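Engineer: Below you'll find the structure I mean.
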Amino acid sequence: MSVHHPSDRLDRRRFLMGTGVLAASSFLASCATRIGPVDQVVELAPAEPSYETSNYASMYGPVYDEGFEIPAIPYEKIDPQFYRQIVPNPTGERPGTVVVDTNGHFLYYTMPNGQAMRYGVGLGREGFAWSGTGVIQWKKKWPHWKPPAEMIARQPELEPYSIENGGMPPGLRNPLGARALYIFQNGQDTLYRLHGSPEWASIGRNVSSGCVRMMNQDVIDLYDRVPSGTPIVVM
């Protein structure tokens, strides 16, 4: 199976069009939650060789993490362009920047030597509710999920997981998955999240709720690469 690499360079201006208009919408759903202390900062990872197709079986194999066993992903059922892979950096951003291309359903983490790690993402309606520049202020392993009051009003069955009730405990069914990265702008929580998801079939698609969802194996990889304070650009 050949891995598709994009041939067209993304227009840098396309990423920056929304940087002056930042809207933290009050209807944010499954990714809207408040967070606790920041995790320890990790070092930026250096550039590394491109992955070969034969690596995907191990890359998306089962993972035992923090007491949870994440099942293998049937990657053969996913469009290969959405596999985690190193590509030429199309964003024009300096190394150490996260760029979310909501149009292409890609997330890029820019690296030295003109490269970027590219991940496929799924986008809920909240994933389109904010655009611009910010920073990854907080990171959390196996976060609690706390749906906001607006979502509970629409889905009363979620009341047990309300903020007042402490949210849904971490686990394989938790909508935030194995990791969550929380985006701030000017010191304020945008309610925009990068997070894991057990729903691998949603990668590359628009779904009903959530911000920017990634396969759990991919969000763990991203989490380990980016320190808190990493700049992020969302188209």
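Engineer: Give me the distance in nm between label points sitting 7 Å out from Cα along the Cα-to-Cβ direction at residue 164 and residue 64, one decimal.
Structural biologist: Going from the residue 164 label point to the residue 64 one covers 4.1 nm.
Engineer: Also, quick follow-up: Roughly how many nanometres apart are two label points built 7 Å out from the Cα toward the Cβ at residue 57 and residue 94?
Structural biologist: 4.3 nm
Engineer: Would you kindly state how much longer the chain becomes between residue 206 and residue 224 on full extension, computed as 0.36 nm times their sequence separation minus their alpha carbon distance, in nm to one decimal? List each step's numbers first, then the result.
Structural biologist: On the way: separation 18, 0.36 × 18 = 6.48 nm, distance 2.59 nm.
The residue 206-residue 224 span can extend by a further 3.9 nm.
Engineer: Could you work out the mean projected area of the convex hull around the alpha carbons of region 185-235, in square nanometres to one decimal?
Structural biologist: Averaging across all directions leaves 4.3 nm² for the Cα convex hull.
We did not get these values from a lab; they are worked out from the coordinates using the rules stated. Everything numeric here is computed off the predicted structure, so don't read it as measured data. Heads up, the Cβs are rebuilt from the backbone with ideal geometry, glycines too, and the neighbour counts pull from every protein chain shown.
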